[in-house]
Every structure is written in structure tokens, then in C-alpha cells.
Amino acid sequence: MKSSHTHTVTSTPSQTLLCVLFTVLLALCFLGTSVAQTLARPNWAGSGLTTEPWWKHAVFYEIYPRSFQDTNGDGIGDLAGITQHLDYLQSLGIDAIWLTPIYPSPQVDFGYDVSDYTAIDPQYGTMDDFDHLVQEASRRHIRILMDMVLNHTSDQHPWFKESAASRTNPKRDWYIWRDGITGPDGKPTPPNNWQSTFGHSAWQFDHRTDQFYYHYFYPQQPDLNWRNPAVKAAMFDAVRFWLNRGVAGFRLDAITTLFESQDLKDAPVLPGNNNFGDPNTDQSLQNNLPEVHDVMRGLRKVVDSAPGQRVLIGEIYTEKPQDLVKWYGARHDELQLPMDTQLGFIDKLDAAVFRAKLTDAQTLLAGNTPLFVFDNHDRPRSWDRYGDGVHNAAIARIIATIQLASQSAGILYYGQELGMVTTPPTRKEDVKDPIGIVGWPLDKGRDGERTPMQWSRTANAGFTTSATPWLPVRVTRANADVNVESEQADPHSLLNWYRQLIELRREHASLLTGTQTMLDHDSQNVLVWVRRSKTVSRRNQPIVIVCNLSAQPVTLSLTQDMLRLGLRGTFLRTLLHADEAMAPQDLNAVTLPPFGVYLGELQR
Ligand code: GLC
Ligand code: CA
């Protein structure tokens, strides 16, 4: 006993060394977890006005990293460029950034062809650059969301390379391989008439194993087989990897296309040809299959298991709210925010349509939060889709207001806040997006909405020091002042309109969390709505928003409307008014110039 006791208090030099080593190891482990924890639980303050989950009221900001800011002079934007502009994004007032894919990729579809889901493409930087971005963003209360491409990988992904190597490869069934049909000339033809949404047959023949593989997008983007549990497990692991690195959630790419019908029946042929010269087909055997909802529920569990209210946003295109509502899940257990493009992609400035869509979003989404999208990297910019060529600046303010003053979460696309224009290539040889090459000239591809962010009046708008940015910065004389530097200095700029709208949203509970009532039910030209918070107080009054969607000035009385809603007031205290003085408006005669926008607080 005694000797053993003595033994424990006196130790040999080798034991001391072991002990020191152990302590150092322990300290390292501790440091390791605490670094991981700070990343996994970044500094994400919510709004002081609500205890509801942050994403319900958030303003997201989509960055196409290739086109945001180049810092190493190669003409391609990078992660360090995004970090460099975080102060700008903070001053704009956004809550979170969605980064389109930054994983290693052959860049056929500019990142949407992923060859490694848990690394960073060297073109954009390193994993350290990524961690630094997450930390610096978090210091400014900005969250980072990744783009998760679940439907397909790159054909250069090791999984596909293995899968393509032989019919017996263990990964063969990770993708969708099928025999073709032998044509009259003895050559194999695709198993059915399914079309790729990016043009021509969705089946690509591979000579190595004499079978076709399925691709809903480019041939370089083979579809994964989501009926194989190993695929799901591998993808969920990738999701966990980024959750542990501190991302606040994901935008799920092309999520409606995960499953396709197994019996390979031909798609019904529809009248007419598409932009690629092929017959139009009904895509319901390739899109929106019910199986996808099981995957969504599983994914939501994974995301919910991480601390800090992570969020799933989905790329959904639906025409009916009844289809959109399914994506939230019957028990609110799928996506928190499937994208709602029903409003943003109408491409028509029609008050009746906006009113109907805004009402639908209130009444038909089972109490879920709509996420209105007007701009993204796949569509010409709303500036051009809604503008009439004369009043575009005023119309852009209306769009911003519909998006940010309605009861919804919002998502902006870089440059939307500046009024950047769509500048499609004028010559086929300049096209970068393969769609534009296959579809030229009917479809010029998506380069036009992906041109570099315009920061300043300097060469290449401050995007790069290179003489040849990956896409040209086409700053015309007409939009020479469309850049951050010029617009920050101009109190009437679109940028300042966006900034003020977001600020109002953050300051007024009525705007941030309040209910929404559409008014003026018959007018084609005027869109009016009221936002009211549950707790009305002197400092928290109902807010009235009026948009004149016509080229004529309008004057309207809102007195009867307010009476009907049981709201007492005689005038509106101006919160924001495009072009005009900030004088209060008499409720009996609210007056707006052509394409004017007005936000005012009801006062007695
Ligand atoms: C989504 C992306 C688009 C991409 C496609 C294939 O639609 O937004 O840019 O090309 O999916 O991944
Ligand atoms: Ca698929």
C-alpha cells in the first residue's frame, strides 16, 4: 500500500513527459472543440422585435461568387472578395448570404457540377478562406448558407467515375444506367423520349459499358439514383460536414428533380418545339415525384439536429400555391422556405395579379412563411422583366417594396439593389453558359444575369484588376452610375431605397412580423396593403403601403378602408416616399406620382 502510494506521488522523468504530453493533447482537444463550437454556434443575433425563428423575417442575399469580387486578379470572383465586402452587406441590412456552389467543379455549369462536396474549389480560395468568411460574417450577424446540389454530381466526381467504370462496380447503382433500344441501323438509341431541361435527350450513351445514363441537366451532370440508400447516406454526410463548419443552412438546388418514374414510359408529347428545337414534352415523369418528400423530412431532421435554427430553402418553381404548400410539409417538417416565384416571375406589372398572389400567399400556405424571389442567376433581371424602358428605376422601387414590405421573408440577388441590367452576349462566340450555345439564338443562356457586381466607376466597375473578367462588365452610358460607390452617395438611389426599406422592416414590428391586409380590391393600377402588428401601441402603428403601377398620377381615399378594418386615423406619417417630400398624407387624399411608392404610419 505504502510503496504504491509513494509510487504515485513521485514520478519518473518518462512519466512526467507522458503527463505533459497528455495535458498538451487534452488542451489541444479542448481548443479544437472550442474552435469547432464557435464555428458551429456563430454570433447570430436575432431581431429584438420578435422571438420567432430568425428565418421567418430574414432578408437573404444571393451571391454568385464568380461575379462578386475578384481579389487575385484572375478575373474570377473569390471568397476573399466576399469577405472584403461584408461591411457593405451589413450596411444594406441583410441577415444571411446564400453562396451558389463553391465546391471543386469542372465548372461546366459554373459550380452546379460538383466533383467534391466537402472541399472548396481553388478558384475561389481555400477552406481557411471559407472559415474566415463564416467568422467575419458572423461578427456582423450575417449567416452563410451553402448551395446543396443533391440531384446530380459532375461526371468528374469519383463516384461517377467508379460508376461508369464497369457494370459491376459497387457504385454502378449510384447513378441511373439503362440499356438503350437498338435502332434500325443497329445503333443504340435512348431508352425513352425524356428531354434534358438544358436541351436534347436526357440520356447519354457511354461506350465503356454500352449503356445510357440519365441527366436532367447537362450530360456532364449525371443524376444520382436517390432510390439507393447509400446515395442518401453520402449526401446527408456532406450536409453534416457543412453544418459542423458553421453554415446556417442550405439552398437546395433543383430539388424537385431527385426522383424520376421507374418504368421509363415515354413522356407525353406536347404541341410545339422548345428553344433547342426538340418537341415539347410533359415533364411530370421526371419532376416532382412524391418520393422526394421523404428525403426532405429526413434532411430536415439532420438540419434540426444542429444547434442554432438552421434553415432549408428550396429551389421550387410552381404555378399554384397548392403545389408550393406541399414543400413545407404537412407537419411543417420539410423545407422552412421553399422559394415562391409565383409573384416574382409574373413579369407583368398588374395590381390585380399581385394582389391575388399576395393574398394566396397569406391564405393558402397553411400559415407558413412565403419567400418571394424576383431575381436569381437563372432569369433575366427583374429590372428588365418588369421595367417598361422608361420608368424602370421607379418600377424597381415598387418591386423592392412588394418584396420587402409584404409579410414574407425576402431574397435579393447581388446587384438587384443597384438596378443592374441584364446584358446577354451579342455574339455566340462570347457565350459562357452552355445553354446559350445549344440554344443560340432563341436562348442566349444565363450570362446576361451573371455579369460582375458593379462596385465603382473605375475600370471593370472595381470587380477585378484583370483586363479580362470572366464575363464582361458591360457598363453602358445609361447605367454608368449603377454602382455601389455612386449609389451610396445619392440619397435617391435604388440602393438607398433598399437600405431604407430593410431598416424600416427591422425597426417596425408592424412590418417585420405584422399581419397583412390587401385593400382597394378593384383597382388595376394601385396596389395597397396594411401591415399591423398584434400589439398596436402609439409607437407601433399600422403601416399603409401604396404602389401606383401606372404612368398616371393617382389620388385615393383610404378613409372607408380604415373604418372597415376598425382602424382609427386621419393621416399617414410618411416613413418612405419615392421622389416626393416627406410631408404627411391626408387619409382622404393619398396622392402618388406615376409609378410612385409610399409607406406611411397611420396616425389620429
Ligand atoms: C438550378 C440552378 C441552375 C443550375 C441547375 C442545375 O436550376 O439554379 O443554375 O444550372 O440547377 O444544377
Ligand atoms: Ca433526378
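In whole percents, the pair-distance distribution calculated for segment 514-603 from its alpha-carbon pairs, binned every 5 Å from zero, is 3, 15, 28, 28, 17, 8, 2, 0. Counting only Cα atoms, segment 391-487 measures 43, 32, 25 Å along its principal axes, largest extent leading.
By counting other Cβ atoms within 10 Å of each Cβ, how are M420, M127 ranked from fewest to most? Present the calculation step by step, with values, prior to reporting the outcome.
Working: M420 26, M127 12.
Listing M420, M127 from fewest to most nearby Cβ atoms yields M127, M420.
Between A356 and D304, the C-beta separation translates, for a Förster distance of 30 Å, into a calculated FRET efficiency of about 0.35.
Among the trypsin sites (Lys or Arg not before Pro) within segment 469-578, those in coil by DSSP and having at most 12 neighbouring Cβ atoms inside 10 Å are R477, K534, R538, R539, R568.
For the pair Q560 and R457, a Förster radius of 51 Å applied to the C-beta separation gives a FRET efficiency near 0.55, rounded to the nearest 0.05.
Between S466 and E162, what's the calculated FRET efficiency when r is the beta-carbon distance and R0 is 41 Å? Round to 0.05. Calculated transfer efficiency: 0.65.
Over segment 158-214, what relative contact order in percent results from Cα pairs under 8 Å that are six or more residues apart? Provide the component values of the computation, followed by the final result.
Working: 82 pairs, mean separation 17.9, N = 57.
RCO, segment 158-214: 31 percent.
Fully extending the segment from D179 to D579 would add 137.6 nm, taking 0.36 nm per residue of separation and subtracting the current Cα-Cα distance.
Multiply the residue separation of Q524 and K428 by 0.36 nm, subtract the distance between their alpha-carbon atoms, and state the gained length in nm to one decimal. Write out the running numbers ahead of the final one.
On the way: separation 96, 0.36 × 96 = 34.56 nm, distance 4.06 nm.
Working it through step by step, the gained length comes to 30.5 nm.
For segment 508-523 versus segment 105-125, the spacing of their alpha-carbon centroids is 42 Å. Multiplying the residue separation of A478 and D333 by 0.36 nm and subtracting their alpha-carbon distance yields 47.4 nm.
Modelled spin labels at K320 and Q84, positioned 7 Å past Cα toward Cβ, are 4.9 nm from each other. Each Lys or Arg adds one and each Asp or Glu takes one away; over the other residues whose Cβ falls under 12 Å from the Cβ of Y317, this sums to -3. Label sites at D347 and A489, each approximated as a point 7 angstrom past Cα along Cα to Cβ, lie 3.7 nm apart. For segment 187-261, the set of trypsin sites (Lys or Arg not before Pro) satisfying both a DSSP loop assignment and a count of at most 12 other C-beta atoms within 10 Å is given as R208. Distances between every pair of Cα atoms in the chain, grouped in 10 Å steps from 0 to the bin holding the largest one, split as 3, 15, 25, 25, 17, 9, 4, 2, 1, 0, 0 percent.
In segment 158-214, the C-alpha radius of gyration followed by the widest Cα-Cα span (Dmax) gives 11.8, 36 angstrom.
Among the trypsin sites (Lys or Arg not before Pro) within segment 275-362, those in coil by DSSP and having at most 13 neighbouring Cβ atoms inside 10 Å are R331, K348. Mean separation of Cα pairs under 8 Å and 6 or more residues apart, divided by the residue count, gives the chain a relative contact order of 12 percent.
All of the numbers you see were taken from the coordinates with simple rules; none came from a lab. Bear in mind the structure is a predicted one, so any value in this text is a computation, not a measurement. Note: ideal-geometry Cβ built from the backbone for every residue, glycine included; neighbour counts use all protein chains shown.
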